[in-house]
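The values are calculated or read from the model by the stated rules, or taken from the named source; none is laboratory data. Keep in mind that this is a model prediction, so the values were computed, not measured. Cβ sites come from the backbone with ideal geometry, for glycine too, and all protein chains shown count toward neighbours.
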Amino acid sequence: MTTDSQVFASEIPHQTVIPFFQKWRSFGTGLGVEIGAENLQVTLTVVRPAGIRILDTLEILRYRERPASEWGADFQAFLDKNKITHLSATVVLPAGDSISRSLALPGVPDNELAAAVRYQLDGLHPFSEEEAAHSFSRLAAPHQAHISLAIARNAVIEDYASLFDEAGIAVVSFLTPAAAIYSALRILQAPPAEQFLAVQEDASGLQLYAETKSFPIYCVRFPTNSDRAISSSSAQIRLPDDAPIAHLASLLPLAEKLEISSPVAYAASLAGALPSQALSLNLLPVDRRKTSSPWRWVPTIVLLVLLMAIGLTLAYYQNFENQRLLGLLDAEIAKLQPRLASVRTLDSQILAAQKKLDFLTAIADYPRQDLESLRELTRIMPATSFVSRMDMTRTDIALIGEVDQSLELLKLLDSSPLLRDSEFSSPPSRSPQGKEVFQIRSKRELPSNQPPVAPVQLPAGAPRLMLPPGIVPPQPLQPGIRP
């Protein structure tokens, strides 16, 4: 068989945006079995909200030629290896042994669907009413007015049911390929597209699955020599020219760990894992269905209830504890408010006292600064000079006296680190003794915590500076001691 390669040029991207509740109730394990022409394909899948994982796969070769007990033992060993002996299988009947149809029943309520289907059933299959069994299920939005219908001969259903019973395999449902694929395409993802065509090709032929506005569910199988299967089917279902065509395996939900060896078996495992999200049709008679014990869900339910109780308790306890701690903090704050007021009062008093202390400390340092300035004058005044008057303020020093060279005295005053900007208050004059009478004013540089300057050592017998009456010469200061 040959198919045009260009039809697969555009793959359909997976759409994973699904309702929150649907995602977080997606817990299950499914065992899917595809009945092939010669072999059985088995896929074991685990579905969780975080994703899908294929646990294991099995292929049973030539099941019709071998004793059922023999390959049934292989199947049981497969279950024992994966520790899922309680799980029942979801079996997909061959496309040649089942018929898939879709019916449009707009306006028909659910309680009247069965009668409406029976009314049209005779025209949908070539068998007599006693020979065929059928099952139906309403499709998902936006095609709620349509139903999916599965039809198979009773003899075929009985044959496969007896075969699996003989092999010791518990079966919960018989599905058609269309029902399995339709359900799997909506597990943990939105439908791939509004209208599309999926192709699955194997050694036995070509299987096409499609969803269009005219055929909301469509599945058909062609033999290997059907070269124009895709074009003829596209025309039959009125597939638009721009509708994507892709391989079936690329449209199914992504799975971890193993590759998808059989897309139909994988789809059956997904439908079996989440039966509540799959089509509810089932061709296996009710008395032949074997479901695992419902008691297996008891530990899960109990654990879920306990987790919910613990979660609610923690949530409310956290809120209660926060309120209790907030009340204790408010009580402690109210208790400490009087102390806080007294502390604030003390802080303001300490600040005021500190300001006063700083002011008094500055005033207490005035005598030391004045003595330092007087000592500096004593050091730099020439021995032949005479000071008749000295006026000292915080910023200036005014001197009146006699000296041999008043200009040299002006330079000596400016060279001192404690004096600056020295100048004559009036022009110098001559005294009767031949000395210059000066009047000098200098600006002070107040000393700040500087070590005392050593007094000038005058030669023995040299005249000293004459101080005004009542002023005692300052004594040398010791480091670290305030005068």
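Structure notes:
One line per residue, one yes/no per condition, for (1) in contact with a Phe, Trp or Tyr (Cβ under 8 Å, 6 or more places away or on another chain); (2) surrounded by fewer than 19 Cβ atoms within 10 Å (Cβ to Cβ); (3) within 21 Å of Q207 (Cα to Cα); (4) in the same structural domain as H86 (by TED's automatic domain parsing):
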site	(1), (2), (3), (4)
L124	no, yes, yes, yes
N154	no, yes, no, yes
F164	no, no, no, yes
A179	no, no, yes, yes
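- Top-ranked residue of region 279-311 - restricted to ones that are hydrophobic (A, V, I, L, M, F, W, C) and touching a Phe, Trp or Tyr at 6+ places or on another chain (Cβ under 8 Å), ranked as farthest from A141 (Cα to Cα): L284
- When the criteria are applied in full, A190 fails the requirement of being closer than 24 Å to V220 by Cα, in contact (Cβ under 8 Å) with a residue 60 or more places away in the chain and assigned to a helix (DSSP H, G or I).
- Condition met for P427 (exposed (fewer than 12 other Cβ atoms within 10 Å of the Cβ) and either at pLDDT 85 or above or outside the structural domain of D391 (by TED's automatic domain parsing) (or both)): yes
- Search result, residues across region 225-256 that are hydroxyl-bearing (S, T, Y), over 15 Å from K213 (Cβ atoms) and buried (at least 19 other Cβ atoms within 10 Å of the Cβ): S233
- Flag if I99 is in contact with a Leu (Cβ under 8 Å, 6 or more places away or on another chain), closer than 15 Å to I217 by Cα and of a type outside the set (S, T, Y): yes
- Taken as a whole, the structure places E70 among residues that are more than 44 Å from the chain's Cα centre (by Cα), of a type in the set (D, E), modelled with pLDDT of 90 or more and over 24 Å from R138 (Cβ atoms).
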